[in-house]
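Report on the following structure.
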Amino acid sequence: MARGHAALRRGDLATARTCFVTLRGQGPDDPAALHGLACVALAAGRGDLAISLAGQAVRRAPDGPFHEVLARALLAQGHHVAAQAAIRAACLCQPDDVPVLLACAEIMEATGDTWAAVQAYGRAVSLSAPHDMQARTLHARFLWRRGQRDAAIQQMRHVVRRAPGGSAHVRELAEMLMAHHQREQAEAVLRAGLDHAPDDGAALSLLGALLFARGRMGPAADMLERAMAHDPQAETASNLGLARMALGHMSGARAAFAIAMRLRPDDMRIQLNHATGLFEGGSVAQAAAIHETILAHVPPPDRDTQARARFNLGIARLAQGKLGQGWALWDARLEFLPPHPSAGHLPRWDGEALPAGRKLLVHMQGQGLGDAVHFLRYVRLAARRVPVVLEVPAPLRRLAATLGGGMVHPIEIITRNINGNPDIAAQCDLFSLPHLLGADSVPPFMPYLGERPWQRPAGHRGLLRIGLCHAGNAAYRFDARRSLPVDAVSALKEIAGVEFISLRPQAEGMVDPSFVRHELPPDADLLDTARLIATLDLVISVDTLVAHLAGAMGCPVWLACRFGGDWRWSAAFDLPAPTAGTSQGENGGQSILSRPTSQWYPTLRLFRQERLLPPQQAWTQVMATLSCALHAWVAGQLPDIHP
């Protein structure tokens, strides 16, 4: 009997069955042997046979511990009422048996009697030995399933306190806290757990993923590397690839993705991450081919992975200049982003005219303010067809009110959806407008934001005023690749005849070069920033909101652009470079006049990283070329750069 149940616990059904058959051979009506065989049958998926064998055991020993397996077998066969009756009989026979009470709770929950499950869990917890955390753990999971998240976390905290060395419990509590948006507490729990078990690869991996989600890419990569050293798993390797990619360590990212794909070759999510790495590294065609392979896979991946593959393929097509295909695929983002509240009661706009007096609600979902500024040009095109109510975040409201030029219908600006407005007949996402409007090329440009189109300002104390934005939002996943370290722009301070104006409102913890002036108040919105840009001769920026805003105003912009990266700055959207005035800078680099300009903003010139380099080397050539060009322009060695 002991050998049979031991074999059953380790999944060796053949040995278990042999033991119980031998036992039954000594006594055909032995209820313990019948019970053992019923357990084997249930484990083998033969619920019908298990019911028969367990039923015989119960008939021969009505007060014996055999009702539980009968209840489980009845449940497996869909006999819910009979299963409830059988497990109640088990509780009558063994009223203080914790495993039976836990089985009762499980079966009652599965058959819809939640109140009975609550009672069973409560009694099981109260009867459990102080060191036995099984009942509390199962109770915590039950509370979590019922949506009682705070109570579930409290119960799981009790488990972890009583069993601090229980790594699995620590990870489960951390996952609950993460799902409950309590990331700081989750991190504290994981670190405390690692103090007891520093080599727990699963905990290291989870902490690395948490740090990545919190935007702490360097510590995330370190933690994931430790996890790989102790317990190399595909998910850990994939996350390590993402962290290294965010830090700009592209060769290390490729190596991590290769390990992940070797460990789990059929995981389409890992393939998706690998393709993202290829795109960021400038291999757009290879990335697109992987996305196409994912979408053609049989059987198809889950819906979320399919949607993300379509979205990423759309980005690749946009980078290739195939706007018609790209916009249609880009719309797949709506399948994995949370829906806007208006989507529940308003139809999605189809791009056609609306009934007289009715309006279109255009809202923003899932993109940053820089993207919003870039796409606002399409609101003007929509307003040629229908009246528009444009919903924007508060920092964008006053700037959006300056949107104008070439519209037939009015644009009303709001900062929250007016659900009860009877004039609104349809809704759509701002970033869906190019697709809905059938835009298969870049629209002709004219300045579309600001209180007036940018004009070169009059001289200011004899100094050229140059706006500088060397860094973007640190929360952006690839910020380490697109932002310039402070020391990378230090050469600019040596240029005479210039004053540099910061285009980032001062904020706690923000580090700007020591030579920039701050003129924006801490509470500045985007209209304040636009008014400051209107006083500048030039804007030098990385790929962030400031570059889009200055470009949308028609202000000259010099954009320091990472290799690969954002699809908008791909060569597919370059305007031809002028051939005149190609004087050489001191370092032999091309002057500003030979830098490509962008179809999106014809006053924006691109200073691209020429190849993929490690982060510490990536900006050296870009800043040398830009500094040389700025020296030459300030010294009057180049024709005027202004349009």
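No lab work stands behind these numbers, since they all come straight from the coordinates. Since the structure is predicted, the reported quantities are computational estimates derived from the model, not experimental observations. Cβ: placed from backbone, ideal geometry, glycine included. Neighbour counts: every protein chain shown.
R0 = 22 Å: FRET efficiency of MET510 with SER490, Cβ-based, nearest 0.05? Mind dumping the intermediate values first?
Values: r = 17 Å, r/R0 = 0.78.
According to the calculation, E is roughly 0.80.
Which of the peptides 267-273, 440-446, 568-574 is most tightly packed, and how do the rest follow, going by the mean number of other Cβ atoms within 10 Å of each residue?
Values: 267-273: 20.9, 440-446: 13.1, 568-574: 18.4.
Going from most to least packed, we get 267-273, 568-574, 440-446.
At a Förster radius of 30 Å, what calculated FRET efficiency corresponds to the Cβ-Cβ distance of GLN367 and THR114, to the nearest 0.05?
Values: r = 42 Å, r/R0 = 1.39.
In this case the efficiency is close to 0.10.
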The chain: antiparallel bridges as % of DSSP beta bridges, rounded to 5, reads 15 percent
Distant-in-sequence amide H partners of LYS359 (H built 1.01 Å from N, under 5 Å): ILE424, ALA425, ALA426
Simple spin-label estimate for LEU49/ARG88, 7 Å along Cα→Cβ, in nm, reads 3.1 nm
Given backbone amide H placed at 1.01 Å from N, residues whose amide H is under 5 Å from that of LEU538, ignoring those fewer than 5 places away on the same chain, are GLY467
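Where does region 342-436 land on Rg(C-alpha)/(2.2 N^0.38 Å)? Display every interim value, and only then the final one.
On the way: Rg = 12.0 Å, N = 95, 2.2 N^0.38 = 12.4 Å.
Compared with the compact-globule rule of thumb, region 342-436 sits at 0.97.
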Quick one: net charge of ALA400's neighbours, Cβ under 13 Å, K/R +1, D/E -1? 0
Would you work out the Kirkwood radius for the chain? I mean one over the mean of 1/r across all pairs of different Cα atoms, in Å. 29.4 Å
Mind listing which chymotrypsin sites (Phe, Trp or Tyr not before Pro) in region 463-518 are in a DSSP loop and have 16 or fewer other Cβ atoms within 10 Å? PHE515
May I ask you to give the average projected area over all directions of the convex hull of the Cα atoms of region 464-634, in nm² rounded to one decimal? 9.6 nm²
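In what sequence, highest mean first, do 274-285, 89-100 appear when ranked by Cβ atoms within 10 angstrom? Let's see the in-between values first.
Numbers: 274-285: 20.7, 89-100: 16.9.
In decreasing order of mean packing, 274-285, 89-100 become 274-285, 89-100.
Return the Rg/Rh ratio of region 235-378 with Cα-based radii and a Kirkwood Rh.
Values: Rg = 17.7 Å, Rh = 17.0 Å.
Ratio of gyration radius to Kirkwood radius: 1.04.
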Ranked by how many other beta carbons lie within 10 Å on average, peptides 221-228, 80-87 from highest: 221-228, 80-87
Take ALA2 and ARG214, extend 7 Å from each Cα along the Cα→Cβ direction, and tell me the distance between the two endpoints in nm. 4.9 nm
Residues of region 375-408 with backbone nitrogen within less than 13 Å of a virtual label 7 Å along the Cα-to-Cβ line of MET446, please, listed as ranges. 380-381, 384, 404-408
Separation of the ALA188 and ALA458 label points, Cα + 7 Å toward Cβ, nm: 5.9 nm
What ranking do GLU109, GLU184 get, fewest neighbouring Cβ atoms within 10 angstrom at the top? GLU184, GLU109
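Fully extended, how many nm does the chain gain between ALA179 and VAL298 (0.36 nm per residue separation, minus their Cα-Cα distance)? Don't jump to the answer; show the numbers that get you there.
Working: separation 119, 0.36 × 119 = 42.84 nm, distance 3.15 nm.
Contour length minus Cα-Cα distance gives 39.7 nm.
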